[in-house]
1. Could you work out the relative contact order of chain B? I mean the mean sequence separation of Cα pairs under 8 Å and 6+ apart, divided by the number of residues, in percent.
2. Given q = 0.12, 0.14, 0.18 Å⁻¹, what are the Debye log10 I(q)/I(0) values for the stretch B:3-221, with equal point scatterers placed on the Cα positions and solvent ignored?
3. For residue A:84, what accessible surface area do you get with a 1.4 Å probe? Give it in Å², rounded to 10.
4. Where q = 0.07, 0.09, 0.10 Å⁻¹, what log10 of I(q)/I(0) comes from the Debye formula for the protein assembly as shown, counting one point per Cα?
5. How many percent of DSSP beta bridges within chain B run antiparallel, rounded to 5?
6. If amide H atoms are built 1.01 Å from N in the plane of the peptide, which residues on other chains or at least 5 residues away come under 5 Å of the amide H of residue A:280?
7. Among A:131, A:191, A:263, pick out the residue whose Cα is farthest towards the positive end of the charge dipole of chain A, where Lys and Arg carry +1 and Asp and Glu carry -1 on C-beta, about the Cα centre.
8. Taking H placed 1.01 Å from N in the peptide plane, check which residues at least 5 places from residue B:166 or on another chain put their amide H under 5 Å from its amide H.
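The values are calculated or read from the model by the stated rules, or taken from the named source; none is laboratory data. Values in this document were obtained by computation on a predicted structure and should not be read as measured data. Don't worry about glycine lacking a Cβ; one is built from the backbone with ideal geometry, like all the others, and counts go over all protein chains shown. All accessible areas refer to the heavy atoms of the entire protein, side chains included, with ligands and DNA or RNA removed. Shrake-Rupley method; radii C 1.70, N 1.55, O 1.52, S 1.80 Å.
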Amino acid sequence: MAEVLVYVDHVDGAVRKPTLELLTLARRIGEPVAVHLGPGADAAAPVLAEHGAVKVLTADAPEFADYLVVPKVDALQAAYKAVSPAAVLVPSSAEGKEIAARLALRIGSGIITDAVDLEAGDEGPVATQSVFAAAFTTKSRVSNGTPVITVKPNSAAVEAAPAAGTVEPLSVTFSDQATGTKITSRTPRESTGRPELTEAAIVVSGGRGVGGAENFPIVEALADSLGAAVGASRAAVDAGWYPHTNQVGQTGKSVSPQLYIATGISGAIQHRAGMQTSKTIVAINKDAEAPIFDLVDYGVVGDLFEVVPQLTEEIKTRKG
Amino acid sequence: MSLRIVVCVKYVPDATGDRHFAEDLTVDRDDVDGLLSELDEYAVEQALQISEEADDAEITVLTVGPEDAKDALRKALSMGADKAVHVEDDDLHGTDVVGTSLVLAKAIEKTGYDLVVCGMASTDGTMGVLPALLAERLGVPQVTLLSEVSVEDGTVKGRRDGDTASELLEASLPAVVSVTDQSGEARYPSFKGIMAAKKKPVTSWDLEDLEIDADVVGLEGAWTAVDGATERPARTAGTIVKDEGEGGKQLAAFLAERKFI
Ligand SMILES: Cc1cc2nc3c(=O)[nH]c(=O)nc-3n(C[C@H](O)[C@H](O)[C@H](O)COP(=O)(O)OP(=O)(O)OC[C@H]3O[C@@H](n4cnc5c(N)ncnc54)[C@H](O)[C@@H]3O)c2cc1C
Ligand SMILES: Nc1ncnc2c1ncn2[C@@H]1O[C@H](COP(=O)(O)O)[C@@H](O)[C@H]1O
């Protein structure tokens with residue numbers, strides 16, 4: 001059976017959920033071979049094996065942390081040469097997309113970014129994409145070379161499928177370009193203790209209607225009652241009320257949770273672009289004409305300062 | 001020596017309009033209003049700021065696109081860029097991102113450059129990979145997705161706010177940079193700027209000028225194929241209630257019914 005390379009996104013060996021989803025998708029096309037770069041392979045390998053990796057190729061070198069993107073492209077290319085896979089799958093993070101694109105160019109392959117689903121097809125894997133702010137769904141495939149495809153978080157269920165997960169070191173020769181862009185400092189993001197926005201099953205977002213940074217705890221309290229991640233519209237981010245990392249939309253994160261709750265958000269096209277594929281959508285807005293109501297499964301026309309605290313209380317009561 | 005900056009700008013269908021596909025499943029660029037991609041305005045802005053800091057700099061705005069893409073160049077010129085290059089050729093219709101990166105790379109080399117500035121992503125394709133592809137093709141450092149950027153003594157520095165960390169980056173010129181919408185509001189063209197733009201030079205090149213074979217670009221040359229596009233079914237109308245004191249509780253009942261609580 002053909003092998004499929006899966007690029008592992010991890011933080012010091014803690015494998016991020018989108019990679020496990022990729023392993024599910026990879027198994028539809030062939031046998032997943034995971035590529036783990038940087039520290040923590042010992043911790044990652046059993047997790048990758050548990051989710052279907054037949055092999056785990058590992059490489060660690062200071063270049064991966066000290067220079068931008070290119071060292072990882074060099075390594076993925078080395079893995080590609082070693083395996084001759086049927087496809088290469090990479091999580092659709094900003095960095096993942098850049099790595100995938102440069103690899104595709106080097107190996108003479110087409111690239112598809114931001115797939116939301118993947119199936120085997122007669123002429124290679126068929127990717128589903130959601131385009132024009134999710135107004136259209138397209139089916140596409142790579143017609144030249146080995147398909148390189150990046151996949152968005154929450155595109156497949158994580159499934160246990162134990163496989164050998166044999167760990168093999170990957171030897172990497174860095175290209176001249178590898179050390180071109182130096183990372184002179186790195187400040188890790190502080191953990192909020194809440195789920196990662198793109199991975200969360202429930203997202204509660206606040207917009208301009210929240211009225212100020214001092215009111216965001218109302219949104220956070222609702223999120224915490226549901227075990228949800230907190231999102232924000234660009235208006236709220238630009239006003240400095242909430243960090244940019246939490247922005248949902250075209251120039252922020254794109255999310256596709258089971259439940260999306262928008263509070264004080266009008267529903268501009270650029271916001272919709274990042275949340276329209278959510279399974280269930282709920283909005284609280286005092287303007288009955290707000291476009292967000294065109295999307296909702298359930299909407300409450302009302303003042304969020306009344307509705308949200310009452311909702312949070314009721315959830316707590318129901319959960320006992 | 002003068003700092004030669006090339007800014008890549010894309011002409012895109014208006015996102016607030018009705019965007020759709022043409023018969024051949026390419027993005028319909030004929031029947032819709034187009035404009036300079038808003039995300040590329042940030043690239044023009046940062047290029048202007050870098051040139052204002054430099055002793056001597058010249059900004060060329062570059063686009064690959066149909067006849068109407070000149071509108072995007074005019075807008076960038078009216079913001080303050082010095083000259084423009086328009087790559088236009090009927091054979092370019094349907095070119096994918098790999099092909100576009102080839103055409104842009106050739107045009108950038110022909111123009112001559114020390115710094116290439118791109119937007120973070122196009123608002124129609126939203127791939128966000130073209131700057132990385134350009135760096136790969138040109139064989140120069142990529143310093144991408146910057147929320148802050150500066151150039152001094154032949155070095156470009158910037159801040160990249162990623163998912164898990166915020167990084168400071170550094171590379172020597174020549175380099176390819178892309179900037180995010182966090183990099184700072186783009187200026188509006190002034191009346192004077194709009195008038196001046198009318199007199200600024202716009203050079204047109206076709207594939208032959210760039211010595212590119214027609215069969216490596218366009219729909220035929222694309223390395224990806226779109227087999228189908230379907231409009232997302234309209235969401236079935238949901239329940240909308242007006243809060244009369246019990247809105248939060250009603251919503252909680254809905255969430256419980258859907259098993260979220
Ligand atoms: C290139 C580009 C990229 C963009 N990218 C993004 C993006 O990634 N994400 C994004 O979100 N936006 C993005 N935008 C901006 C987008 O166009 C909108 O401006 C933005 O989404 C508006 O945010 P908002 O809904 O919070 O604010 P508004 O549109 O001002 O809406 C606020 C809403 O709150 C309601 N409200 C006010 N007070 C209350 C109250 N007490 N109770 C209940 N409701 C109340 C109002 O009725 C209103 O509907 C982008 C724009 C451009 C041009
Ligand atoms: N046809 C084009 N002409 C000029 N620049 C482009 C073109 N397409 C993309 N770009 C540049 O590349 C960036 C990223 O584009 P993309 O990878 O398509 O999302 C854009 O913000 C532009 O700066």
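1. 23 percent.
2. After summing over all Cα pairs, the log10 values are -0.59, -0.82, -1.37.
3. 90
4. Here the Debye-derived log intensity ratios amount to -0.42, -0.70, -0.87.
5. The answer is about 40 percent antiparallel.
6. Correct list: A:259, A:260.
7. The listed residue farthest towards the positive side: A:131.
8. Long-range HN contacts for residue B:166: A:187, A:189.
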